[in-house]
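In what follows, a single structure is set out as structure tokens and then discussed.
The values are calculated or read from the model by the stated rules, or taken from the named source; none is laboratory data. Please read all numbers here as calculations on a predicted model, not as lab measurements. Cβ coordinates were reconstructed from backbone atoms using ideal geometry, including for glycine residues, and neighbour counts include every protein chain displayed.
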Amino acid sequence: MKPRFGWDHRSWFGQFVDVGAGAIGVALFGLALTTLVLPRSDARIASGGPAVPILGANVGDVSSSADLPALTAALKREVKDLPWTRALRRRAGDPTRSESLFFPVNGIAEAFALCARLAKLPPACAPDIASSVELEQMDGAPVNETALSRLGIAPYNPPQVRSRLAATANRPRPA
């Protein structure tokens, strides 16, 4: 092999330089990767961790945050015994989307029952699954698993449905 930069790869010095340059290259790659990933991880931790799916009833769609208190006051007047301690604000991701009230529940039957109580009122109500990233408490605090546990709400975990084929595949075979 032809000598490059004053040394040959057959000498100990040349091999040492090659190994050292390779190690420095790997270290620089790791540093660049950490620099790119770390701010995203820090932002996720600051927002309360990873997004959590929450089952609930989505009530009303208003065009701005200023209309949300009016909707809340109208619902408090019209419907008694709504779970206001658990009410959350579903904020819009962009200015073209509307905001709404979100009542988290622990089961789909509870979400349908809540919407049935609101069926005769003008704001639309529908059971929905929202991400904790879209939600905030009425005082503006973020929603995370700790806040949900204080409200008595478990993150939504859809039931796993086993197919008949999977159930018969695990069945013990006759001897």
Across the range 9-34, which residue is modelled with the lowest pLDDT among those that are in a helix (DSSP H, G or I) and polar (S, T, N, Q)? Gln15
Yes or no: Glu78 at pLDDT 85 or above, of a type in the set (Asp, Glu) and out of contact with any His (no Cβ under 8 Å at 6 or more places or on another chain)? no
Test of understanding: among Asp42, Asp61, which residue is of a type in the set (Asp, Glu) and either modelled with pLDDT under 70 or part of a helix (DSSP H, G or I) (or both)? Asp42
